[in-house]
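The values are calculated or read from the model by the stated rules, or taken from the named source; none is laboratory data. For clarity, every value in this text was computed on a predicted model and none was experimentally measured. For neighbour counting, all protein chains shown are included, and Cβ atoms are generated from backbone atoms with ideal geometry for every residue, glycine included. Side chains are part of the model used for accessible areas, which takes the heavy atoms of the whole protein and leaves out ligands, DNA and RNA. Shrake-Rupley method; radii C 1.70, N 1.55, O 1.52, S 1.80 Å.
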Amino acid sequence: MAEELLESKYKNAVALSDATGPVTVFPEKRKYHDIVAALKLDGYNFASDLCAVDYLDYMERVLPTNLSPQRFEIVLNLLSHGLARRVKVRVQVESDSPHLPSVVDLYPGVENMEREAFDMFGIVFDSHPDMTRILMPEGWEGHPLRKDYSVGRVPVQFKEAPQPR
Amino acid sequence: MTYGHSSFLRLPESSAIDLSEDQILGPGEKMIVNMGPQHPSTHGVLRVMLELDGETVLRSKPIIGYLHTGMEKTGEELTYVQGATNVTRMDYLSPLSNELVFSLATESLLNIEIPERATWIRMIMCELNRMSSHLMWLATNGMDLGATTMMIFGFRERELILAFFEKTTGLRMNHNYIRPGGVACDFPDGYEDDVAVICDTVEKRLVEYDEFFTGQPIFRKRVEGVGTLSAETAIELSITGPLLRACGVPWDLRKSMPYLAYDEVDFDVIVGTVGDTFDRYAVRINEIRESIKIVRQCLDKIPEGDYKSQDTKVTPPPRLRIDESMEALIHHFKIFTEGFRVPPGEVYVAVESPRGELGCYMVSDGSAKPLRMHIRAPSFVNLQALPPMLSGSLMADAVAIISSVDPVMGEVDR
């Protein structure tokens, strides 16, 4: 039922991943916040997970025809306690100065997750109350989970340690 | 927003008070102090910035990342065969849940079925792990509240379970036992007796805990009405696991969205009423009882058969075949050096770990290594509940409240 509801509501934004898997919604970036708000009204009361993916060298993923693949993708997993059903929201984010509206106002629980996505991928969530690094030290340079940030590139740094130069 | 918005301290990490300045606070002046990261009751390296008015906590901010070791980045460098050794180190108190969620995600992308016996072995091991994790929580929670007896008792019972894990998997922790395709080896001979002894012993000891812990007035005074969290706030803050159930929300993935064979066993979802620290204690101690119930049913229902998939794509040939067949040797070598290729796709799988919803979002690009391996760590999200729970409580209660969240820093920071 929820699938038809979603599909009739946001015609181009919805694609079914497959017969068994959960519904996946592919909104355009500018409609992202509105669609998440509509999903919340539809009973998806719980934000399970939000994470970013860096598709730097791999652009062959299946998307609805009206969307072009971008380097970054934000994946928001919503859950409905009443329906015991999940829905995935995948939104494309461009690689130059990546920005996305924050959904903290709808789901306060994604605060830490959005901070992690910012810390690890450098995606800035607009109107997030505390857009700072969460896992890396405050003065860290770069975003470690990006594909072009190679392993072992930077020596381990500690804020208080004396610098070599 | 209905949740305690005012309880969140949003200041940079460096703004805690500098003791060297030796400043004297006037009456009514607020002070920001650090609790941790080297505090014995913060379960590792959690640092909480507390805004204090006298002894009352007003706002707070958990600061994490001291144990960050880039395990998600490491996960992209390891093949699917090696990946389980990496994820098992995240939540070091329930390593088997981590391996399970990783294996389920990989199997879902591979689209393979695992043998029925492997499913039941996984269930027994995960439920035993839930018991050991909750016992460990009882131990550390007792220590935080000054009940050292509880600490010794919790460790004693956990030892029983770890000894069985060692017998089965070869290791006490970080087992790499549940692997994509099944489990590493079958149970040892006579495992039914070992598991039955564990269940009987822990069940008897739980009655003892009830006598001198649950009913003890000093303990009750320290936990009742402390750190209350409402169900609405918990859901808004994406809280899962015993924390959410203590608020009265009957949400348990094993029941609500069953995986493995949890729909074939009979157990209850334990919920609290008030959502205070005592409810969280009660939920956990009763969840041990439910786990015992599940393990006993599993022992009755576990079928005979293979313990790992016979799909040669993911399963190496048996040891004996390697000695007599060159092809088997090559096959073995290929699986452990190159790994197996996984069809392109993305999947989100979630299981109920002792701490809450443990999810794995995995993206494959068709190679032998995941393009992205994200773990939704329950403690990482559950720590967001600290500010509303701490707000208005005394500094001394902060210890009990932090302990009741049961954060495992290895999982929080990954």
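Interface area, chains A and B: about 3800 Å² of buried accessible surface, summed, with a 1.4 Å probe and ligands, DNA and RNA left out. The accessible surface of region A:26-165, taken with every protein chain in place and a 1.4 Å probe, is 53 percent carbon and sulfur. Between B:S230 and B:T69, the modelled label-to-label distance comes to 4.1 nm, taking each label 7 Å out from Cα in the direction of the beta carbon. Candidates B:A163, B:Y262, A:S68 compared by Cα position along the dipole of the protein assembly as shown: farthest toward the positive end lies A:S68, with charges placed on Cβ. Each of A:V151 and B:Q38 was given a label point 7 Å from its Cα along the Cα-to-Cβ line. The distance between the two points is 3.2 nm.
As a ratio to 2.2 N^0.38 Å, the alpha-carbon radius of gyration for region B:96-229 is 1.25.
Round to the nearest 0.05 the FRET efficiency obtained for B:E116 and B:A196 when R0 = 25 Å and r is the Cβ-Cβ distance. Once rounded, the FRET efficiency stands at 0.70. Dipole size of region B:147-276 about its Cα centre, with +1 on Lys/Arg Cβ and -1 on Asp/Glu Cβ: approximately 600 debye, rounded to the nearest 20. Positive-end ranking of A:A47, B:W120, A:N112 along the dipole of the protein assembly as shown, with charges on Cβ about the Cα centre, is headed by A:N112.
Measuring only protein heavy atoms, the 1.4 Å probe finds A:K40 accessible over about 70 Å².
In region A:25-72, the residues that give up 20 Å² or more of accessible area when the other protein chains are added, compared with the chain on its own (1.4 Å probe), are A:N45, A:F46, A:S48, A:D49, A:C51, A:V53, A:Y55, A:Y58.
Each 5 Å bin from zero holds the following percent of Cα-Cα pairs in region B:251-361: 2, 9, 12, 14, 13, 12, 11, 10, 8, 5, 2, 1, 0. For chain B, the membrane-span-like helix rule (DSSP H, alpha carbon extent of at least 30 Å along the helix axis, mean Kyte-Doolittle at least -1.0) picks out B:116-144, B:148-169, B:277-301; this says nothing about an actual membrane. When the other protein chains are added to the chain by itself, burial of at least 40 square angstrom of heavy-atom accessible area (probe 1.4 Å, ligands and nucleic acids ignored) affects these residues of region A:104-144: A:P108, A:G109, A:E111, A:N112, A:E116, A:D130, A:I134, A:L135, A:E138. Only alpha carbons enter this Debye calculation for region B:181-243, each as an equal point scatterer, and the log10 of I(q)/I(0) it gives at q = 0.20 Å⁻¹ is -0.89. All Cα-Cα distances of chain B, cut into 10 Å bins from zero to the largest, leave 5, 21, 30, 24, 13, 5, 2, 0, 0 percent in each bin in turn.
Here the protein assembly as shown is assigned +1 on the Cβ of each Lys and Arg and -1 on the Cβ of each Asp and Glu. Its dipole about the Cα centre then comes out at about 500 debye. Entry comment: accessible area of chain B is 38 Å² per residue, from protein heavy atoms only and a probe of 1.4 Å. Using the Karplus relation 6.51 cos²θ - 1.76 cosθ + 1.60 with θ = phi - 60°, the per-residue 3J(HN,Hα) values for region B:230-235 come to 8, 4, 4, 4, 4, 5 Hz, with x marking Gly and Pro.
Hydrodynamic estimate: the Kirkwood radius of region B:188-311 over Cα pairs, inserted into Stokes-Einstein at 20 °C and 1.002 mPa s, corresponds to D of 129 µm²/s. Three principal axis extents describe the C-alpha atoms of the protein assembly as shown; from largest down they are 82, 61, 60 Å.
Among the protein heavy atoms, those of A:K31 account for about 80 Å² of accessible surface (1.4 Å probe, every chain in place). With the convex hull of the Cα atoms taken as the outline of region B:289-338, the averaged projected area works out to 5.4 nm². Ordered by 1.4 Å accessible area with all protein chains kept, A:R146, B:R296 run largest first as B:R296, A:R146. Between B:G146, B:G272, B:G248, the GNM of chain B built on Cα springs shorter than 10 angstrom shows B:G146 fluctuating the most.
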